[in-house]
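K.L.:
The structure under discussion is supplied below as structure tokens; questions concerning it will follow.
What follows is calculated from the coordinates using simple rules that are stated; it is not laboratory data. This structure is a prediction, so every number in the text was calculated from the model and none was measured. Quick reminder, even Gly has a Cβ in these numbers, built from the backbone with ideal geometry, and neighbours come from all protein chains shown.
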Amino acid sequence: MKTIKTILLLGVGTLTLAACAAGPNYVRPATPANADRPFVAAVPSLVTADAPQDDWWRLYEDPVLDQLVADALKSNTDLRVAVANLERARASLRESRALRLPQTSITSSGQYGRTSALQRAPGLPAEDWRVDGGLGVTYEVDLFGRVKRSIEASRGDADAAAAAADAVRVGIVAETARAYADASSAAERIGVAQRTLDLLDKTVELTAKRFEAGRTSRLDVARVSALQSQQRAQISPLRAQRDAALFRLALLTGRVPADLPPQVGMRAATLRLERPVPVGDGRALLARRPDVREAERRLAAETARIGIATADLYPKISLGASVGSTSNGLSDLFGAGPLRWLAGPLLSWAFPNIESGRARIAQAQATTRAALATFDGTVLTALQETETALSTYANTLQRRQFLREAADQARIAAKISRAQLREGRVDSLIVLDSERTLAGAENDLAEADAAVAASQIDLFRALGGGWQSDPQRIALVR
């Protein structure tokens, strides 16, 4: 009884010290100065300081796009991989938490054999079954915080995996919207090219009639016909671009191309958002971006691993107890005679060979410094991407405005030249030049509309939205 009391007192004494944990306590790193200020490239007439909308794709008010995003968040293969990685990280966290509980083991064995006369007790048969069974319980006293730091590291890994899954969601939403915008823009450019071709058909017909009437030369007919063929040749690449965008949509939504709903390809106008975009500020951006959160959680996990490596320098203490029995035959296995038990602490220590342990600490510290540098770089990248997206968006809108004005003037010039050609006031060369100018202006404007849609999506992606309101998002394990 005295021995048992001594063991219990030792266990209580070591448990009171278990709150100590080796290694540094994690402190979230500071962000760069002025990182939380309004964006430098923000143009007040184009953006607002309001918080960005989580489901930003709904601003386009397109039910087909809404459904495509929902399908992608449900079935995308990259997202399935990210969710599986998250589940694995959370399983590892559960494993680390289980180290705080006593570990049990059950052993049993049975052997049939012959015992020599010198080894067996009088009256026992020479040949018989030898049966052994036992139950063991061990509990690691986390004196230096090895278990605590292991849980912290696993929790950081699980949180980082959740942030990585959120980053995949952001990318999937943006790429789905981009593919849909590309398909719509290609369809609109096909329409523009077809309308230009229709006008050229009329010009070719008019020039041919003037040639038959002897009012123009064969050269004029050949020139207009060549421009007509050039315009017709532009339609095929646009159709290929549209098909490629639709096939990307099929991949993003987890479908084969043949299963893509017909309504996806029915839109023939580029996505347009004619209102200021809410962008918030730098502080909100860094709190929202999943890649920043992932880098911060990786840093927390690596910091905890310094404590794990440091705790390995010190003794590992476990409290254990076991009970078992060994008997000849099953009848006496749990009898009073063969029953055995023991209890007490177990001390294991790698001292004095601690150089390898110090090397592991140095490795963990270096890895943590790398994680800190990665976090700082991720913060700067997030700000750089957002500022670049804002600048690109503003300048793309300005370019589109100039091209719109140019297209308007080209239409007026082409209309006037065709009217003057019918009246015989100008030759077909002037009409040809105006038609070529109009075709180029219409195509440039359609490309500018597509560039505006792409820059809007790039901006939304840089802002980091698209995961907060996902109903299937798995909550972080804390």
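K.L.:
Going through T176, T216 one at a time, which residue ends up being in contact with a helix residue (DSSP H, G or I) (Cβ under 6 Å, 6 or more places away or on another chain) and assigned to a loop (DSSP other than H, G, I, E, B)? Reasoning before the result, please.
P.N.:
Details: T176 fails: assigned to a loop (DSSP other than H, G, I, E, B).
None of the other options fit; the residue is T216.
K.L.:
Another question, then. Kindly indicate which of R360, R404 is under 30 Å from R195 (Cβ atoms), in contact (Cβ under 8 Å) with a residue 40 or more places away in the chain and in contact with a helix residue (DSSP H, G or I) (Cβ under 8 Å, 6 or more places away or on another chain).
P.N.:
R404
K.L.:
Has the stretch 191-202 got at least one residue that is farther than 30 Å from D55 by Cα, in contact with an Asp or Glu (Cβ under 7 Å, 6 or more places away or on another chain), of a type outside the set (A, V, I, L, M) and part of a helix (DSSP H, G or I)?
P.N.:
Checking the stretch 191-202: at least one residue is farther than 30 Å from D55 by Cα, in contact with an Asp or Glu (Cβ under 7 Å, 6 or more places away or on another chain), of a type outside the set (A, V, I, L, M) and part of a helix (DSSP H, G or I).
K.L.:
Which of the residues that make up the stretch 149-191 are over 19 Å from T367 (Cβ atoms) and among the charged types (D, E, K, R)?
P.N.:
Within the stretch 149-191, D166, R169, E175, R178, D182, E188, R189 qualify.
K.L.:
State whether one or more residues within the stretch 270-281 are out of contact with any strand residue (DSSP E or B) (no Cβ under 6 Å at 6 or more places or on another chain) and not in a loop (DSSP other than H, G, I, E, B).
P.N.:
No: zero hits.
K.L.:
Mind listing whichever residues of the stretch 417-428 are in a helix (DSSP H, G or I) and either surrounded by 15 or more Cβ atoms within 10 Å (Cβ to Cβ) or touching a His at 6+ places or on another chain (Cβ under 6 Å) (or both)?
P.N.:
Those that are in a helix (DSSP H, G or I) and either surrounded by 15 or more Cβ atoms within 10 Å (Cβ to Cβ) or touching a His at 6+ places or on another chain (Cβ under 6 Å) (or both): S417, R418, Q420, L421, S428.
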